[in-house]
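A short reminder: the numbers here are calculations on the coordinates, not readings from a lab. Everything quoted here is computed from the prediction, not taken from an experiment. Cβ coordinates were reconstructed from backbone atoms using ideal geometry, including for glycine residues, and neighbour counts include every protein chain displayed.
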Amino acid sequence: MERDTETVHEAYAFVCLHCGHGWEEEYEIRHTTDLAGHRRADYFARGVRVPSPLTRSDCPSCNLGPIRILRPGRVNSARTYLA
């Protein structure tokens, strides 16, 4: 049973240091505290529960890594500059 829930929205940019693939994702993060006082964070992307992006270690393009996390907007601004 949950006692308290707070929802925040965060975006992250990612780049694969192996293949150079870059992508961005927005997350809805639900922070909950149960009746015993234990806190947890559940991440949702496009309405689907997903693992924390901070634990992601593989690239969706090459299935390798490592992955670097950047401030949101970094991937799109680099693509605009390179275009």
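Structure notes:
- Take each peptide in 41-52, 22-33, 58-69, count the other Cβ atoms within 10 Å of every residue, and average; sorted highest first, the result is 22-33, 58-69, 41-52.
- Label-point separation, ARG68 to GLU10 (7 Å along Cα→Cβ), nm: 2.0
- Additional length obtainable on full extension of the chain from THR33 to HIS21, 0.36 nm per residue less Cα span: 0.7 nm
- In segment 1-77, the alpha-carbon atoms span a convex hull of 98 Å³ per residue.
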